[in-house]
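Novice: Before I ask anything, let me first share the structure, which is written out below as structure tokens.
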Amino acid sequence: MLPKLATPKYDMIVPSTGETVTYRPYVVKEEKLLLIALESQSDEAIENAVVDIIKLCVETAIDINSLTTFDIEFMFVNLRAKAVGEGIKVNPPCKHCEEINKDVKINLEKVIVKGLEKDIDMHVKLTDDISIDVAWPTMKNKLTEEDMKTGTDTVINSVARSIGTIYSGEEVFVASDSSKKELVEFVESLNTDQFNDLVDKVAEVPQLGYDLKFKCKACKKDNTLELKGLVDFFQ
């Protein structure tokens, strides 16, 4: 029987809950899942692969569906840092001359969840009688490829899934008690100003972030590119 390699264990804190979980770095078997997803160029396939890898590598019992999107992204970055090293390379365009700069290094240990440290009021007043509490989106209500057919579909469905509670006079409607179709129809019934107010508030939800600084190899000008969300780290 062939020998088995010892796998180190690490701890990390889940951003939204403060809970400490134990994990191991992913290995070739799990990285294969990610590579296949990346080849498909499907955001949904990449997200599913990331979730599967977290399920396999996190040894503490967790409810994956209750985790926020930024929890999943942060946890995966930690797994990746320990699996392939703290540095990965991306190919960002220069904002001045649009030249593609190859192999710009990201220090994964410097990647943080932006916005989590702020005390954000997630309440939005739409009318004198109707208001909304925006909730952090979880994996339970993640967007599908169908939800993202167009840019408009993506925005509307992103707003719909971020609704936590709707207040109408004395009535309270918890979003989890409503269907996705009902929530989308509610969002589509808003006027432009109401919709924009809600979009602005959803944009304040914490997300994975990193300020990538590099000097363009072509025009030699300095660039600062804000990476947001996991897909930006695979460009």
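Nothing in this text is a laboratory measurement; each read-out follows from the coordinates by a stated rule. No experiment lies behind these values; they were computed from the predicted model shown. Reconstructed Cβ throughout: ideal geometry from the backbone, glycine too, with neighbour counts over all protein chains shown.
Novice: Just report the Cα centroid separation between segment 17-41 and segment 118-146, whole Å.
Specialist: Their Cα centres are 28 Å away from one another.
Novice: Ok, one more. Could you give me the ³J(HN,Hα) list for segment 5-22, computed from phi with Karplus coefficients 6.51, -1.76, 1.60 and θ = phi - 60°, whole Hz, x at Gly and Pro?
Specialist: For segment 5-22, the Karplus curve yields 7, 6, 10, x, 10, 9, 10, 8, 9, 6, x, 6, 10, x, 6, 8, 10, 9 Hz.
Novice: What's the ranking of 94-100, 63-69 by average number of surrounding C-beta atoms within 10 Å, highest first?
Specialist: 63-69, 94-100
Novice: As I understand it, the dipole of segment 123-202 uses +1 on the Cβ of Lys and Arg and -1 on the Cβ of Asp and Glu, about the Cα centre. Which of VAL124, ILE163, MET148 lies farthest toward its positive end?
Specialist: Among VAL124, ILE163, MET148, the one farthest towards the positive end of the dipole of segment 123-202 is MET148.
Novice: Next question. Non-local amide H neighbours of TYR210 (under 5 Å, H modeled in plane, Pro and chain starts lacking H): which ones?
Specialist: LEU227
Novice: Would segment 104-191 count as rounded, prolate or oblate if I go by the C-alpha gyration tensor, calling it rounded below 1.5 in a/c and otherwise prolate when a/b exceeds b/c, oblate otherwise?
Specialist: Oblate, because a/c is 1.5 or more while a/b does not exceed b/c.
Novice: By the gyration tensor of its Cα atoms, with a ≥ b ≥ c the square roots of the eigenvalues, what is the shape of segment 20-83: rounded for a/c under 1.5, prolate for a/b over b/c, or oblate?
Specialist: Since a/c reaches 1.5 but b/c is at least a/b, the shape of segment 20-83 is classed as oblate.
Novice: Could you list which residues have their amide H under 5 Å from that of ILE100, counting only those 5 or more apart in sequence or on another chain, with H placed in the peptide plane?
Specialist: Amide H to amide H, under 5 Å and 5 or more residues apart or across chains, ILE100 pairs with CYS94.
Novice: Next question. If I fit a long axis through the Cα atoms of helix 151-161 and take the longest principal axis of the Cα atoms of the chain, what angle between them do I get, 0 to 90°, rounded to 10?
Specialist: Helix 151-161 and the main axis of the chain meet at about 70 degrees.
Novice: In whole Hz, what ³J(HN,Hα) sequence does segment 210-227 give by Karplus (6.51, -1.76, 1.60; θ = phi - 60°), x for Gly and Pro?
Specialist: 7, 8, 8, 10, 7, 9, 4, 6, 8, 9, 6, 8, 6, 10, 10, 10, 8, 8
Novice: Rounding to the nearest 10 and keeping the result within 0 to 90°, find how far the Cα-based axis of helix 69-84 lies from the longest principal axis of the chain.
Specialist: Helix 69-84 sits at roughly 0 degrees to that axis.
Novice: Which one is right for this structure if mean projected area of the Cα convex hull in nm² is calculated from it: (i) 16.1; (ii) 14.1; (iii) 11.9?
Specialist: Given (i) 16.1; (ii) 14.1; (iii) 11.9, the structure-derived one carries the label (i).
Novice: Classify segment 129-235 as rounded, prolate or oblate from the Cα gyration tensor: take a ≥ b ≥ c as the square roots of its eigenvalues, call it rounded if a/c is under 1.5, otherwise prolate when a/b beats b/c and oblate if not.
Specialist: Since a/c reaches 1.5 and a/b is larger than b/c, the shape of segment 129-235 is classed as prolate.
Novice: Can you give me the relative contact order of segment 68-107 as a percent, contacts being Cα pairs under 8 Å and 6 or more apart?
Specialist: 32 percent
Novice: Now a separate question. Gain in length, THR154 to ALA218, computed as 0.36 nm per residue apart minus the alpha-carbon separation, to one decimal in nm?
Specialist: 19.6 nm
Novice: Out of residues 5 or more away from LEU67 or on other chains, whose amide H comes under 5 Å of its own, with H placed 1.01 Å from N in the peptide plane?
Specialist: Those qualifying (amide H under 5 Å, at least 5 residues apart or on another chain) are MET139.
Novice: Of MET1, PHE76, LEU56, whose Cα points farthest to the positive end of the dipole of segment 1-101 (charges on the beta-carbon: +1 Lys, Arg; -1 Asp, Glu; origin at the Cα centre)?
Specialist: In segment 1-101, that residue is MET1.
Novice: Relative contact order of the chain: what whole-number percent is it, with Cα pairs under 8 angstrom and at least 6 residues apart?
Specialist: 18 percent
Novice: From the backbone phi of segment 57-67, what are the Karplus-calculated ³J(HN,Hα) couplings (6.51 cos²θ - 1.76 cosθ + 1.60, θ = phi - 60°) in whole Hz, Gly and Pro given as x?
Specialist: Per-residue couplings from phi come out as 9, 7, 8, 7, 5, 9, 8, 4, 6, 8, 6 Hz.
Novice: Continuing with the same structure: Treating the beta-carbon of each Lys and Arg as +1 and of each Asp and Glu as -1, no other charges, what is the dipole magnitude of the chain about its Cα centre, to the nearest 20 debye?
Specialist: Using Cβ point charges on Lys, Arg, Asp and Glu, the chain gives about 1720 debye.
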